[in-house]
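Note sheet for the following structure.
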């Protein structure tokens, strides 16, 4: 699954990332998963998490994508790990700026989170539709549940 249109990586880097993507799929990740795709999805989420209108299940799926990027970082050779790490780091800063610590472990009601989970699993949107949903008492019906 080569992404020949990548503007982020040259051809040799993309070949390595394609191999890392094959490894992810061999570990059970979906057939469509690529490192380039995970990065683009993470970058998109990070700059829009404060306007997130999808469900909590979609959000936890997006956080799983960040897990995939962490695996990719470990699998890349150093020169590519540095480049990928810079790109992920920029997105991570945006994510931190638009989220807050999930001190009440609210996300844990929807997904298994433990001490081994990445730091991104311990943050939730600070504002926006998903933040409002997560802030509502669990025994109170949500607006979407009343329809």
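Check residue 103 against each of (1) modelled with pLDDT of 95 or more; (2) outside any helix (DSSP H, G or I); (3) exposed (fewer than 15 other Cβ atoms within 10 Å of the Cβ) and name the one condition it does not meet.
The number of the failed condition is (1).
Limited to segment 114-131, what total is found for residues that are at pLDDT below 95 and either touching a helix residue (DSSP H, G or I) at 6+ places or on another chain (Cβ under 6 Å) or assigned to a helix (DSSP H, G or I) (or both)?
Matching residues across segment 114-131 total 0.
Okay, residues lined up against (1) surrounded by fewer than 17 Cβ atoms within 10 Å (Cβ to Cβ); (2) in contact (Cβ under 8 Å) with a residue 40 or more places away in the chain; (3) part of a loop (DSSP other than H, G, I, E, B):
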| site | (1), (2), (3) |
| --- | --- |
| 8 | yes, yes, yes |
| 17 | no, yes, no |
| 44 | yes, no, no |
| 60 | yes, yes, no |
| 74 | yes, no, no |
| 84 | no, yes, no |
| 89 | yes, no, no |
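Looking at (1) within 15 Å of the chain's Cα centre (by Cα); (2) exposed (fewer than 13 other Cβ atoms within 10 Å of the Cβ); (3) within 15 Å of residue 118 (Cβ to Cβ), can you tell me which one residue 54 breaks?
(3)
Assess whether residue 53 counts as being touching a residue at least 12 places away in the same chain (Cβ under 8 Å) and not in a helix (DSSP H, G or I).
Criteria met by residue 53.
The values are calculated or read from the model by the stated rules, or taken from the named source; none is laboratory data. Keep in mind the model is a prediction, meaning the values are calculated, not measured. Because the Cβ atoms are built from the backbone with ideal geometry, glycine has one as well, and the counts that use them run over all protein chains shown.
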